[in-house]
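K.L.:
So that we are looking at the same thing, I have put the structure below in structure tokens.
The values are calculated or read from the model by the stated rules, or taken from the named source; none is laboratory data. These numbers come from a predicted model, not from an experiment. Because the Cβ atoms are built from the backbone with ideal geometry, glycine has one as well, and the counts that use them run over all protein chains shown. The area values use the complete protein model at the heavy-atom level, side chains included, leaving out ligands, DNA and RNA. Shrake-Rupley method; radii C 1.70, N 1.55, O 1.52, S 1.80 Å.
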Amino acid sequence: MNGTIEAGGITLSYEETGSGEPVVLVMGAGSPGRVWRPYQVPALAAAGFRVITFDNRGVGDSSECPEGFTLADLTDDLAAVVEQVAGGTAHVVGTSLGARMAQRLATTRPELVDRLALLATRGRADASLTAYVRAQIAVQQQSLVLPPEVLATMGALANLSPASLRDEVTAEDWLAMLSMAPPTPSAGVRRQFEAALTHFPDTVSELGWITAPTLVLAFADDRLSPPHLGIEVAGAISGAHCEVVADTGHFGYLERPDEVNDLLVDFLTDRFSRPDRSSVRRR
């Protein structure tokens, strides 16, 4: 089922699949909610969940908001989706910028979050993220139209594990898919990248306010959210469990979807025992 809601003067577009306890999936910067469709939506629906995806403001069928917005605004949007679509509480799964929205929601509106899964997350900025985001913004502000081959190559090197590019056929498939990205991103996409540099906690220890059972999935070859930053987030949250998935980059949920989906389903169906303190496992 597709629909829209109004929240804070903007329109948010969403999709629902399946029935059962609600799970809200939150996408990262520059991508619409439909990116979850091929792998995570069917796996979670088959596991007995009502899966809700939505387009963050700035992309897809939600309001573009070219005037700009912050992570706090995006988090308010997520809260509206949980309240108006999910019914007031939900499991929340986010990746990259979506993971930061999810962990901010869990600190500011804990009553809305049952279980929290954070993919490719971080609790602080670093030089690499800042440089990458500023480079993205600079290209977009100057309205540079890059050839599809350049966009695909840059996207592959930034977001994929070398393991995904070893096989020639697989590499060609990835490059073909990435070359379909719009040559000139919208103003909303640029604003999403700008939002990615806002509202980090003063210290990562502030994430210790999160009380929801938490799973952190870090991807071993992630250049944009390196695994040590995900491990750092897990270490700040009491009882959080962290899995470091091998041979995966920033797009780990697309590179090794079966393994990621199995971990999500096990966590959301309470097959993980919650330790007294945070734990890390490398796979």
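K.L.:
For the stretch 86-168, which trypsin sites (Lys or Arg not before Pro) are in a loop by DSSP, counting at most 10 other Cβ atoms within 10 Å?
P.N.:
Here the trypsin sites (Lys or Arg not before Pro) that fit, given the DSSP loop and packing criteria, are 166.
K.L.:
Hey, another quick one. Per residue, how big is the convex hull around the C-alpha atoms of the chain? Give it to me in cubic angstrom, could you?
P.N.:
That works out to 115 Å³ per residue.
K.L.:
Leaving out ligands, DNA and RNA, what percent of the accessible area of the chain is carbon and sulfur, probe 1.4 Å?
P.N.:
Carbon-and-sulfur percentage of accessible area, whole number: 51.
K.L.:
Counting only residues 5 or more places away or on other chains, whose amide H sits under 5 Å from the amide H of residue 115 once H atoms are built in the peptide plane?
P.N.:
91, 92
K.L.:
A further question on this structure: If I model a spin label as a point 7 Å beyond the Cα along the Cα-Cβ vector, how far apart are those points for residue 262 and residue 84 in nm?
P.N.:
3.9
K.L.:
With the radius of gyration and the Kirkwood radius both derived from the Cα set of the stretch 20-86, what is their ratio Rg to Rh?
P.N.:
Result: Rg/Rh = 0.99.
K.L.:
Mean shadow of the stretch 4-142, computed from the convex hull of its alpha carbons, in nm²?
P.N.:
8.4
K.L.:
Can I ask one more? Output wanted: per-residue J couplings in Hz (rounded whole) for the stretch 152-166, from phi through Karplus 6.51 cos²θ - 1.76 cosθ + 1.60, θ = phi - 60°, x for Gly and Pro.
P.N.:
Working through the residues one at a time gives 5, 5, 5, x, 5, 5, 7, 10, 10, 6, x, 4, 7, 10, 5 Hz.
K.L.:
While we're on this one: Can you compute log10 of I(q)/I(0) for the stretch 137-202 with the Debye formula, treating each Cα as one identical point scatterer, at q = 0.12, 0.26 Å⁻¹?
P.N.:
Scattering profile of the stretch 137-202, log10 relative to I(0): -0.40, -1.08.
K.L.:
Still on this structure, please answer the following. Kindly provide the chymotrypsin sites (Phe, Trp or Tyr not before Pro) of the stretch 174-283 that DSSP labels as loop, not H, G, I, E or B, and whose Cβ sees at most 14 other Cβ atoms within 10 Å.
P.N.:
none
K.L.:
In whole Hz, with x marking every Gly and Pro, tabulate ³J(HN,Hα) for the stretch 220-226 from phi via Karplus 6.51 cos²θ - 1.76 cosθ + 1.60, θ = phi - 60°.
P.N.:
Couplings: 4, 10, 6, 8, 8, 10, x Hz.
K.L.:
Probe of 1.4 angstrom, ligands and nucleic acids ignored: what's the accessible area per residue over the stretch 129-283, in square angstrom?
P.N.:
Value for the stretch 129-283: 49 Å² per residue.
K.L.:
Output ³J(HN,Hα) for the stretch 80-90: one whole-Hz value per residue in order, computed from phi by the Karplus curve 6.51 cos²θ - 1.76 cosθ + 1.60 with θ = phi - 60°, and x for Gly and Pro.
P.N.:
Once rounded to whole Hz, the list reads 5, 5, 5, 6, 8, 9, 6, x, x, 7, 6.
K.L.:
Of the DSSP beta bridges with both residues in the chain, give the percent that are antiparallel, rounding to the nearest 5.
P.N.:
That works out to approximately 25 percent antiparallel.
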